[in-house]
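Colleague: This is the structure I want to talk about, given as structure tokens.
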Amino acid sequence: MQSVDDSDEKKSLKRLRSPSSCDMPVTDTTAPRTVDDCIFFPLEEIVQSPVPGYVAPTAITFSPDDSLVTYLLSPDQSLSRNVFAFDLHTGKQELLFSPPDGGLDESNISPEEKLRRERLRERGLGVTRYEWVKTGSKKKAIMVPLPVGIYFQDLCCSKPELKLSSSPLSPVIDPHLSLDGTMIAYVRDNELHVMNLLSNEQKQLTHGAKGDTVTHGLAEYIAQEEMDRKFGYWWSLDSKYIAFTQVDSSEIPLFRIMHQGKSSVGSEAQEDHAYPFAGASNVKVRLGVVSVAGGPITWMDLLCGGTNQLYEEEYLARVNWMHGNILTAQVLNRSHTKLKVLKFDIKTGQRKIVLVEEVDSWINLHDCFTPLDKCVPKYSGGFIWASEKTGFRHLYLHNTNGNCLGPITEGNWMVEQMAGVNEVSGLVYFTGTLDGPLESHLYCAKLYPDWNLPLEGPVKLTHGSGKHVAVLDHNMQKFVDFHDSLDSPPKILICSLLDGSVIMPLYEQPLIVPGLKRLQLEPPKLVQIQANDGTVLHGALYKPDETKFGPPPYKTLISVYGGPSVQLVCNSWINTVDMRAQYLRSKGILVWKLDNRGTARRGLKFEAAIKYNAGQVDAEDQLTGAEWLMKQGLAKPGHIGLYGWSYGGYLSAMTLASFPEVFKCAVSGAPVTSWDGYDTFYTEKYMGLPSEDPVRYENSSVMHHVHKMKGKLLLVHGMIDENVHFRHTARLINALVAARKPYEILIFPDERHMPRSHRDRIYMEERIWEFIERTL
């Protein structure tokens with residue numbers, strides 16, 4: 001449920017600025033001007049997309065020969081993107097692919113793709129992804145999936161070729177190229193297909209799909225939404241086999257969502273989802289392997305989910321191929337406390353346990369499993385694995401049998417993502433938090449350290465404070481550094497992998513981004529406070545301009561998420577261009593963010609503080625933050641409100657009800673109001689099974705606390721939200737009525753978890769501001 005406030009929508013309406021005395025110098029500081037005297041920040045700016053500074057390239061990758069860096073970029077700084085190539089020899093950028101028909105928009109995609117975009121939090125238009133065709137020849141080409149079909153663009157040709165047609169009635173879903181570049185796999189009508197790119201021959205590899213209840217090659221809802229597993233099939237390293245999932249949801253009762261805003265009735269005004277509620281059954285998932293030449297399927301000795309499980313192998317979390325056509329799978333138990341890495345003989349389906357991870361709190365899934373090449377003599381056939389057994393995620397080297405040989409990294413910080421491995425030189429590249437939890441940098445460590453000696457610390461390769469995302473080239477010589485900070489919008493550099501020195505800039509933008517001066521955006525101030533147990537918490541302050549609004553204290557709005565796997569407070573440009581926070585600041589309201597215990601990037605102990613305690617420890621930390629603001633003379637007592645969405649919507653409502661003497665109002669967007677109404681994976685990871693402790697679930701419900709509520713509450717929800725169902729808000733309203741508590745509601749009949757329509761988003765922000773202005 002990682003839904004923080006999105007901003008990827010179409011360009012905002014024409015920006016307005018009324019002439020005013022704001023352009024005149026302030027001389028009388030004893031009589032601060034009100035915001036009505038200074039209209040310079042139109043509310044439409046909140047929903048503009050991309051936000052200022054975030055027009056930089058995305059989906060960055062190197063061509064197979066490392067001569068080009070390719071990426072998605074919008075020429076007109078909108079959400080509609082094309083594929084561009086940057087030549088590393090000439091330093092020139094050229095358009096590589098532009099959709100002949102304009103590409104993807106929200107009106108030309110199938111219902112399946114619309115739901116997949118919800119899972120991916122995808123807002124981009126035009127081209128949303130592409131892949132390089134990896135072949136041994138000198139020919140260069142990319143594959144671009146679009147709603148009309150699969151295009152191939154040869155760099156030697158000006159006109160792209162439509163290789164495979166698609167349609168909303170029978171869409172081509174999730175196409176991926178084989179590693180040798182000769183074939184493409186895809187899902188159509190819930191079956192796995194392949195196409196030979198040399199002969200154009202198409203072949204269906206699986207059979208037996210049943211409507212939407214049995215599918216082949218597609219990731220189920222839980223995998224996409226909660227496990228960050230977007231795929232349902234995987235090419236073998238030699239391109240001869242495909243592993244795939246069979247998902248059977250026939251035992252899951254369907255949850256019906258009615259399109260109440262439609263003028264029609266019947267099947268077109270309703271949709272059914274196999275939604276596994278906490279405590280109920282999960283879908284059954286099998287893992288099969290099929291030859292790309294066709295023929296019989298070999299089913300691995302594995303069955304996850306269903307009604308007959310003993311909770312030992314509940315979730316198929318990850319699938320990876322190792323060299324020698326060894327298939328591995330990561331399997332998680334229902335309570336999230338035990339994860340097994342299994343390897344399979346793809347000829348017989350027989351299994352062997354390679355590794356077992358067990359913790360008392362929970363297992364956090366990751367993508368750091370990295371098989372090592374059998375051709376490299378030392379520890380050939382082994383793998384790199386990331387574990388949180390010390391409380392922080394670190395890398396460990398394992399041999400081919402799964403035995404741990406020793407750590408690669410250690411310390412009170414965490415490895416986030418693997419970036420690459422150079423087995424010949426014995427180096428591992430990764431991003432992590434060694435320089436602090438508010439930053440992210442690229443580091444290098446020895447793959448084969450001498451474990452008889454103290455472990456050497458990693459070498460930092462990125463320069464400049466803030467967040468760095470790195471993409472390595474294939475030859476392990478260079479990397480692309482995507483860097484931003486509170487003071488600097490994203491810039492992209494080509495750097496040496498030897499020492500991190502800059503080779504050349506790929507994309508830079510001026511520090512004075514259009515709109516910054518006009519809107520008077522300022523980075524928030526990052527501060528540290530202590531929780532009631534002494535834990536250090538990080539906060540961000542957006543203070544109003546004292547020359548316009550006088551000295552503090554100010555009316556204060558706390559912008560909260562507070563849930564697992566998300567960090568709000570960090571040294572990133574995204575905090576500077578939090579347009580709602582900046583808008584409120586321009587209105588004389590102090591905005592505060594605090595990452596309470598339970599949020600991400602601080603280690604397992606910090607995260608697990610909310611185990612069985614959702615809505616308690618996190619709400620207490622938000623109270624601590626509000627009390628700190630009042631003690632510092634920043635927040636005006638009796639005028640503190642909350643705003644949040646998804647888990648943040650839940651936490652804003654819980655905090656309002658739990659501490660009625662402190663908080664005056666709350667905006668609760670798409671809230672989970674009772675955890676028995678949310679899905680199995682997310683809920684049970686943090687709250688356990690409902691049958692284990694019903695009181696725990698009751699205490700974590702907003703409904704259990706509404707009788708204490710004194711402040712004003714605005715509920716905002718999309719009625720076709722298939723993630724956090726509108727049912728959550730409806731149940732809360734019943735409790736509010738029973739407790740005779742007033743509430744306000746803002747409903748969007750045609751929106752899901754977060755409004756996408758530009759019209760709806762502007763209307764939402766108008767209503768939210770009107771509520772805050774009136775109640776705070």
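The values are calculated or read from the model by the stated rules, or taken from the named source; none is laboratory data. From a predicted model like this one, the values you see are computed outputs, not experimental measurements. Quick reminder, even Gly has a Cβ in these numbers, built from the backbone with ideal geometry, and neighbours come from all protein chains shown.
Colleague: So for segment 670-680 (the condition being farther than 21 Å from Gln224 by Cβ, in contact with a helix residue (DSSP H, G or I) (Cβ under 8 Å, 6 or more places away or on another chain), at pLDDT 95 or above and surrounded by 24 or more Cβ atoms within 10 Å (Cβ to Cβ)), does at least one residue qualify?
Modeller: Within segment 670-680, one or more residues are farther than 21 Å from Gln224 by Cβ, in contact with a helix residue (DSSP H, G or I) (Cβ under 8 Å, 6 or more places away or on another chain), at pLDDT 95 or above and surrounded by 24 or more Cβ atoms within 10 Å (Cβ to Cβ).
Colleague: To continue, here is another question. Pick out the one residue from Leu568, Leu604, Leu623 that is among the aliphatic types (A, V, I, L, M), touching a Ser or Thr at 6+ places or on another chain (Cβ under 8 Å) and farther than 22 Å from Ser658 by Cβ.
Modeller: Leu604
Colleague: Hey, which of the strands (runs of 3 or more DSSP E) in segment 220-319, taking only ones fully inside, have at least 2 residues that are of a type in the set (Phe, Trp, Tyr)?
Modeller: 233-235, 241-248
Colleague: Okay, moving on. Among the listed residues Val144, Val127, identify the single one that is within 30 Å of Met227 (Cα to Cα), β-branched (Val, Ile, Thr) and modelled with pLDDT of 95 or more.
Modeller: None of the other options fit; the residue is Val144.
Colleague: Out of segment 309-352, which residues are among the polar types (S, T, N, Q), closer than 14 Å to Leu287 by Cβ and over 27 Å from the mean Cα position of the chain (by Cα)?
Modeller: Matches in segment 309-352: Thr348, Gln350.
Colleague: Something else now. Is at least one residue of segment 371-383 buried (at least 16 other Cβ atoms within 10 Å of the Cβ), under 30 Å from Thr683 (Cβ atoms) and either in the same structural domain as Leu332 (by TED's automatic domain parsing) or of a type in the set (Phe, Trp, Tyr) (or both)?
Modeller: no
Colleague: Quick check, is Pro52 under 17 Å from Phe152 (Cβ atoms) and part of a loop (DSSP other than H, G, I, E, B)?
Modeller: Considered against the rule, which asks whether it is under 17 Å from Phe152 (Cβ atoms) and part of a loop (DSSP other than H, G, I, E, B), Pro52 comes out as no.
Colleague: How many of the residues in segment 209-219 are in contact with a His (Cβ under 9 Å, 6 or more places away or on another chain) and assigned to a loop (DSSP other than H, G, I, E, B)?
Modeller: 2
Colleague: Give segment 562-591 a look and list any residue that's in contact with a helix residue (DSSP H, G or I) (Cβ under 6 Å, 6 or more places away or on another chain) and among the aromatic types (Phe, Trp, Tyr), or say none.
Modeller: Scanning segment 562-591 gives a single hit, Tyr583.
Quick grid of which residues meet (1) without any contact (Cβ under 8 Å) to a residue 40 or more places away in the chain; (2) among the charged types (D, E, K, R):
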residue	(1), (2)
Arg286	no, yes
Val289	no, no
Asp301	no, yes
Glu313	yes, yes
Lys340	yes, yes
Ile353	no, no
Gly382	yes, no
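Colleague: In the set Gln224, Gln260, which member is over 22 Å from Trp299 (Cα atoms) and buried (at least 16 other Cβ atoms within 10 Å of the Cβ)?
Modeller: None of the others qualify; the one that does is Gln224.
Colleague: Restricting attention to helices (runs of 4 or more DSSP H) lying wholly within segment 592-686, give those where 1 or more residues are within 19 Å of Ser559 (Cα to Cα).
Modeller: 617-631, 647-658
Colleague: Still on this structure, I have one more. Only residues in segment 136-154 that are among the acidic types (Asp, Glu) count as the first member; pair them with residues that are assigned to a loop (DSSP other than H, G, I, E, B) and at pLDDT below 95, Cβ under 7 angstrom, at least 6 apart or cross-chain, and list the lot.
Modeller: Asp154/Lys139
Colleague: Moving to a separate point now. Is it the case, given these coordinates, that Leu732 is touching a residue at least 40 places away in the same chain (Cβ under 8 Å), touching a strand residue (DSSP E or B) at 6+ places or on another chain (Cβ under 6 Å) and buried (at least 23 other Cβ atoms within 10 Å of the Cβ)?
Modeller: No.
Colleague: So, one more: Condition test on Val265, is it surrounded by 14 or more Cβ atoms within 10 Å (Cβ to Cβ) and either more than 26 Å from the chain's Cα centre (by Cα) or outside the structural domain of Ser674 (by TED's automatic domain parsing) (or both)?
Modeller: Here the answer is no, as Val265 does not meet what is asked.
Colleague: Might you let me know whether segment 188-209 holds any residue that is in the same structural domain as Leu302 (by TED's automatic domain parsing) and buried (at least 23 other Cβ atoms within 10 Å of the Cβ)?
Modeller: no
Colleague: Now a separate question. Does segment 712-727 contain any residue that is part of a helix (DSSP H, G or I), assigned by TED's automatic domain parsing to the domain that holds Met579 and crowded, with 20+ Cβ neighbours inside 10 Å?
Modeller: no
Colleague: Follow-up. Filter segment 525-556 for residues that are out of contact with any strand residue (DSSP E or B) (no Cβ under 7 Å at 6 or more places or on another chain) and among the aromatic types (Phe, Trp, Tyr) and give the result.
Modeller: The one that is out of contact with any strand residue (DSSP E or B) (no Cβ under 7 Å at 6 or more places or on another chain) and among the aromatic types (Phe, Trp, Tyr): Phe549.
Colleague: Related question: Going residue by residue through segment 62-74, is there one that turns out to be of a type outside the set (A, V, I, L, M), touching a Lys or Arg at 6+ places or on another chain (Cβ under 9 Å), part of a loop (DSSP other than H, G, I, E, B) and at pLDDT below 90?
Modeller: no
Colleague: Has segment 8-17 got at least one residue that is modelled with pLDDT under 85, under 30 Å from Lys134 (Cβ atoms), among the charged types (D, E, K, R) and surrounded by 13 or more Cβ atoms within 10 Å (Cβ to Cβ)?
Modeller: The answer is yes; a qualifying residue exists.
Colleague: Within the group Pro64, Pro42, Pro75, Pro50, which residue is surrounded by fewer than 21 Cβ atoms within 10 Å (Cβ to Cβ) and under 30 Å from Gly550 (Cα atoms)?
Modeller: Just a single option satisfies the conditions, and that option is Pro42.
Colleague: Right, something else. For segment 306-319, how many residues are of a type outside the set (D, E, K, R) and at pLDDT below 95?
Modeller: Counting residues in segment 306-319 that are of a type outside the set (D, E, K, R) and at pLDDT below 95 gives 6.
Colleague: Now a separate question. For the structure I just gave you, tell me whether Ser425 is modelled with pLDDT under 95, of a type in the set (Gly, Ala, Ser), surrounded by fewer than 18 Cβ atoms within 10 Å (Cβ to Cβ) and under 28 Å from Ile353 (Cβ atoms).
Modeller: no
Colleague: I've got another one for you. Filter segment 481-516 down to the residues that are modelled with pLDDT of 95 or more and of a type in the set (Ser, Thr, Tyr), then identify the one that is surrounded by the fewest Cβ atoms within 10 Å (Cβ to Cβ).
Modeller: Ser501
Colleague: Thr182 - would you say it is buried (at least 16 other Cβ atoms within 10 Å of the Cβ), polar (S, T, N, Q), within 27 Å of Asn325 (Cβ to Cβ) and at pLDDT 90 or above?
Modeller: Criteria met by Thr182.
Colleague: Considering segment 80-118 alone, what residues qualify as being of a type in the set (Ser, Thr, Tyr) and more than 25 Å from Gly232 (Cα to Cα)?
Modeller: Within segment 80-118, Ser80, Thr90, Ser98, Ser107 qualify.
Colleague: When you scan segment 156-177, how many residues do you find that are touching a residue at least 40 places away in the same chain (Cβ under 8 Å), among the aliphatic types (A, V, I, L, M) and surrounded by 15 or more Cβ atoms within 10 Å (Cβ to Cβ)?
Modeller: Residues flagged as touching a residue at least 40 places away in the same chain (Cβ under 8 Å), among the aliphatic types (A, V, I, L, M) and surrounded by 15 or more Cβ atoms within 10 Å (Cβ to Cβ) within segment 156-177 amount to 2.
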